[in-house]
Amino acid sequence: MEDKFYTINQVAEILDMHHKTIRNFISNGKLRASKVGKQWRVSDDDLNSFMKNSKDQREGEQVIEFSSNETFSKTVKRKINVSTVLDIEEIDKGQYMRISNTLLAVMNSKDPEMQNSTLNVKYYEKDNKLKVLLWGEVKFMEEMLSVISLLVDRK
């Protein structure tokens, strides 16, 4: 019997997730994958097992993940990450440039709350539409949404 293998992009499409999310699952050991050359491949069996485990967790089993600092006081550090997609309509190219440059400047600040955060900006000139994808900790999300709100407020 021949095993079927999927690329990360194929798995992302099947699960309706972003390819970076799939890469995180692989690096965290939640999704088994094999490296073929420079590419990751996920077997059909591993994908089915992952989907079954995810379904089992959603059907009643509550899973709480946290990391602990290995200090003498055994401090437990909890981390919450949030992701969001913003669709901003009626944005011309000048506004897009101003918004994206400001967001990049905020991201490039030396603020530690910006570490391990992600920003993606895509402008659809034909539709005058801006799509902003954010991923990071709650404080990062609060700050970025506040900046975006200030930049697009038309009052």
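Here are a few things to note about the model shown:
- Using θ = phi - 60° in the Karplus curve 6.51 cos²θ - 1.76 cosθ + 1.60, the 3J(HN,Hα) couplings for segment 82-98 round to 10, 10, 8, 10, 10, 10, 10, 9, 6, 10, 8, 4, x, 5, 4, 4, 5 Hz; x is entered for Gly and Pro.
- The phi torsions of segment 136-145, fed into the Karplus equation with coefficients 6.51, -1.76 and 1.60 and a -60° offset, translate into couplings of x, 6, 4, 4, 4, 4, 4, 5, 5, 5 Hz, rounded to whole numbers, with Gly and Pro shown as x.
- With 5 Å bins from 0: P(r) over segment 77-152, alpha-carbon pairs, percent: 3, 16, 29, 24, 15, 8, 4, 1, 1, 0
- For L104 and Q10, a Förster radius of 41 Å and the Cβ-Cβ distance give a FRET efficiency of 0.85, rounded to the nearest 0.05.
- Positive end of the dipole of segment 77-152 (Cβ unit charges, origin at the Cα centre): among Q95, I80, M144, the Cα lying farthest that way belongs to I80.
- Here the 3J(HN,Hα) profile of segment 4-12, calculated from phi with Karplus coefficients 6.51, -1.76 and 1.60 at θ = phi - 60°, is 9, 10, 10, 7, 4, 5, 5, 5, 4 Hz, Gly and Pro shown as x.
- Prolate/oblate/rounded label for segment 5-58 (Cα gyration tensor, a/c 1.5): prolate
- Amide H within-cut-off set for K30, under 5 Å, with H built and near neighbours excluded: none
Any read-out appearing in this document is the output of simple, stated calculations on the displayed coordinates, not a laboratory observation. If you're wondering where the values come from, they're calculated on a predicted model, not measured in any experiment. Reconstructed Cβ throughout: ideal geometry from the backbone, glycine too, with neighbour counts over all protein chains shown.
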